Amino acid sequence: MALFSFKNSFFLFVFFILFINFGYAKIIKHPSYAKGQCGACHTTKSAKSPDLKMEMPELCYSCHTNYEENDFIHGPVGAGACTLCHNPHESKNQNLLTTSTVNELCTSCHSNKDDMLKSGENIHPPVQDSCINCHDAHGQKHKFQLKADRKKDLCLTCHTDKKERITNSINKHGAIEMGEKCLGCHDPHSSPNIKLLKAEDSKTICLTCHSTSLPRDEDGKMLMNMGEHIANNPNVHGPIMWGDCAACHDPHGSDNLRMLKSPFPEKSSAKFTSDGYICFQCHEPKKMTEKFTKDLTEFRNADKNIHYLHVNAKRISCKTCHDYHASDLPHHLRDKATFGSAKFPLRFIKTLNGGSCNPICHTIRYYDRVEPVNVRTNKKL
Ligand code: HEC
Ligand code: HEC
Ligand code: HEC
Ligand code: HEC
Ligand code: HEC
Ligand code: HEC
Ligand code: HEC
Ligand code: HEC
Ligand code: HEC
Ligand code: HEC
Ligand code: HEC
């Protein structure tokens, strides 16, 4: 008997679950409609004369918050067209919506966003998920009925790591607080470019601002005009040739010199460590650590490594000899070098298997990879 009644209640339970899932719970009813209180909205209880007892949307506002008290009101809400989106009686959708998903609803009117969702590239995940992650369907105190200010605050509600970065990094980027802020570089919905960028690569974006002698840095120093510099110097460094300024700089700020993604010495002279130079993200640090080599670098006299000599033994930073943005000499060598406050020509001359320099640091010096020379006289050894 006990078993029988258990079985009974088990079947009842299964029936109840099925009922919840496929029957009863499928239809959501407006509370007044569910209770048969037709008179809450209609003049009579009769289904035959469905006259409303008040104009729309005042009828709805007699019980619900008045959305028109917002500064930015969604078109159809302002027009009182609640029933374009809601069925006032019942619906199988959440919030009595007339479509099964919010995005279907929004794109039924905003057809360009429908095209974007169907054929756009790189759609921002919260857009794919639901428009109301950012927009309010009714009204808001922010433009485009957004849930926070569109230029930056909205983004930071989800991107808390970026909030941390732009607030706490030592070297902050002026761009974050200028003009359109985050939206100056990113599209909030989708983009054919990586990282929702508004241009095909980061370089194009950077040079919209860095093609004048302004902007100034935080100490008031005028920054170099990078657009002009690259245009005037044909030997452009690899990552910039690919259009990727963000290979080295973090546009959201960083704790390193000049918002670099990893450290680089500020001064012309620095004790050598392989993690003190961002260059070794891509280049081989052994160029600087091996006293003798026949293959790690071309800057050698036979097997005597001249990179090692300068960078490691004499602590001279790459920036004294190379311009990692662009130069008009081979090997991204500088025309004019800077050491401390001194500015002087490097006078680099390339030869078939080596070259020579004649800076102010020392008198002219020669090197040859194939047939070693006396570095002072250029005579074969
Ligand atoms: C929350 C308010 C509300 C309640 C409660 C309500 N209605 Fe309605 N009803 C409306 C609105 C608004 C319309 C007009 C819809 C439109 O024009 O798009 C409407 C339309 C109708 C219509 C016209 C046909 C149709 O469906 O569009 C009938 C019939 C109707 N209601 C019957 C009823 C009955 C019967 C009840 C009670 C069981 C009831 N309504 C309860 C708001 C309500
Ligand atoms: C453009 C479509 C659209 C229009 C027009 C619209 N709504 Fe909504 N409404 C929505 C969506 C989408 C949700 C779900 C929102 C959410 O979860 O934040 C919603 C949710 C609601 C809710 C339940 C959640 C809440 O905010 O309390 C109420 C009540 C509501 N709407 C009333 C109205 C009234 C009244 C009108 C007319 C003045 C109206 N809506 C016009 C799309 C619309
Ligand atoms: C007599 C008061 C009253 C009127 C008039 C009224 N509502 Fe409601 N409505 C309620 C109550 C109560 C709820 C349940 C509590 C809530 O969600 O705010 C509700 C809930 C809703 C919901 C959420 C339903 C859900 O469970 O997802 C929507 C949408 C809604 N109403 C739309 C409307 C629209 C559109 C109108 C005008 C045509 C309207 N209401 C008129 C009282 C009213
Ligand atoms: C019934 C049609 C309709 C639906 C559904 C609809 N909208 Fe709208 N939407 C409009 C109209 C009309 C305007 C006003 C256009 C204008 O002012 O140029 C508008 C304006 C907007 C604007 C401001 C655009 C601007 O240029 O000022 C945004 C943002 C917006 N809707 C988002 C949404 C979202 C998100 C949804 C889904 C929750 C949605 N819309 C659903 C018709 C609709
Ligand atoms: C991640 C947040 C976010 C989501 C999710 C989102 N939007 Fe937007 N939307 C914005 C921002 C920010 C703007 C303002 C853009 C600007 O000022 O350039 C905007 C502007 C708009 C505009 C007016 C300008 C224009 O592009 O026409 C419409 C319409 C719009 N959104 C519709 C939608 C629709 C429809 C969806 C869902 C498919 C959606 N949005 C999802 C953030 C979002
Ligand atoms: C509702 C939450 C939300 C909001 C608001 C939001 N995002 Fe996102 N965003 C995400 C999620 C989730 C991802 C995917 C995971 C990730 O990369 O963090 C993402 C990814 C991104 C990406 C990387 C895309 C890629 O292809 O790798 C960028 C860039 C971005 N968001 C920028 C923005 C900007 C700019 C804003 C403000 C207009 C914004 N987001 C607002 C949730 C949000
Ligand atoms: C000056 C242009 C610029 C501005 C302003 C900007 N970003 Fe970016 N953002 C980029 C670039 C370029 C990338 C790609 C970075 C990379 O490749 O390392 C990126 C990448 C991202 C990513 C993807 C994750 C990552 O770090 O690679 C997110 C999320 C993001 N940005 C959010 C934001 C937010 C939020 C704001 C506003 C606070 C903002 N961005 C402002 C240029 C910008
Ligand atoms: C909207 C204009 C704008 C854009 C776009 C922009 N910047 Fe800047 N940038 C500035 C301003 C203003 C400063 C000076 C204030 C400061 O130091 O942050 C600056 C400073 C810098 C600095 C020097 C930072 C320091 O520590 O002194 C670097 C490096 C830099 N930007 C790189 C970039 C890169 C890389 C991009 C592209 C991903 C970029 N910028 C895009 C406006 C911009
Ligand atoms: C290979 C790495 C690398 C790439 C790629 C790179 N930079 Fe730099 N950038 C640096 C280093 C290292 C410094 C610090 C130089 C110094 O202080 O001598 C710097 C400094 C700067 C400065 C400050 C210059 C000044 O006046 O002192 C700006 C502005 C700048 N970069 C912009 C850009 C822009 C724009 C791009 C893309 C066109 C870019 N960078 C690409 C490594 C790079
Ligand atoms: C994101 C990767 C990357 C980083 C970081 C990087 N480089 Fe490069 N570098 C390259 C690529 C790719 C080439 C080959 C294309 C070319 O000649 O520019 C190259 C070439 C060079 C060359 C010329 C090579 C030759 O054979 O003539 C020099 C010099 C150079 N880099 C110096 C530096 C210095 C100094 C730094 C640090 C400030 C640095 N690089 C950081 C990618 C990088
Ligand atoms: C004293 C000047 C000087 C300094 C300092 C210097 N270089 Fe060089 N570098 C050269 C010369 C000259 C060449 C050209 C060698 C040749 O091909 O004849 C060169 C070539 C290169 C090359 C091309 C490949 C190779 O090894 O021949 C790279 C990459 C490079 N340097 C990176 C760096 C990096 C990274 C630093 C800083 C850590 C640095 N250099 C410091 C003078 C210098």
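Derivation of every value follows stated rules applied to the coordinates shown; laboratory data play no part. These numbers were taken from a predicted model, which means no experiment stands behind them. When we count neighbours, we look across all protein chains shown, and the Cβ atoms used for this are built from the backbone with ideal geometry, even at glycine.
Here are some notes:
- Alpha-carbon Rg/Rh ratio, for the chain, with Rh computed the Kirkwood way: 1.24
- Averaging Cα coordinates gives a centre for region 119-142 and one for region 299-336; these two points are 51 Å apart.
- Between Arg216 and Glu69, the contour length at 0.36 nm per residue exceeds the Cα-Cα span by 48.6 nm.
- Cα-projected label distance for Ser262 with Tyr61, points at 7 Å along beta-carbon direction, nm: 6.1
- For region 24-161, alpha-carbon Rg over 2.2 N^0.38 Å: 1.23
- Taken along the Cα-to-beta-carbon direction at a fixed 7 Å, the label points for Glu177 and Phe144 span 2.4 nm.
- Where trypsin sites (Lys or Arg not before Pro) fall in DSSP loop in region 65-138, at most 14 other Cβ within 10 Å: Lys92
- In loop segments of region 115-198 as defined by DSSP, the GluC sites (Glu not before Pro) with at most 13 further C-beta atoms inside 10 Å of their C-beta are Glu121, Glu180.
- Gain in span if fully extended, Asn95 to Asn168, counting 0.36 nm per residue against the direct Cα distance: 22.2 nm
- Panel order for Met224, Met56, by other beta carbons found within 10 Å of each beta carbon, from fewest to most: Met224, Met56.
- Sum of side-chain charges, Leu183 neighbourhood, beta-carbon under 10 Å (Lys, Arg +1; Asp, Glu -1): +3
- The value for region 155-259 of Rg(Cα) / (2.2 N^0.38 Å) is 1.10.
- Neighbour cut-off at most 13 other Cβ (10 Å), DSSP loop, trypsin sites (Lys or Arg not before Pro), region 240-278: Lys267, Lys271
- Taking other residues whose beta carbon is less than 10 angstrom from the beta carbon of Ala246, and scoring Lys, Arg as +1 and Asp, Glu as -1, yields 0.
- Between helix 2-18 and the chain: long-axis angle, C-alpha atoms, 0 to 90°, nearest 10: 70
- If you take the alpha carbon atoms of region 68-226 and fit the smallest convex hull around them, that volume is 139 Å³ per residue.
- Distance (nanometres) between label positions extended 7 Å along Cα→Cβ at Asn378 and Ala81: 8.2
- Rh (Kirkwood; distinct C-alpha pairs) - region 278-368, Å: 13.7
- Cα point-scatterer Debye curve for region 203-305, base-10 log of I(q)/I(0) at q = 0.10, 0.11, 0.20 Å⁻¹: -0.38, -0.46, -1.18
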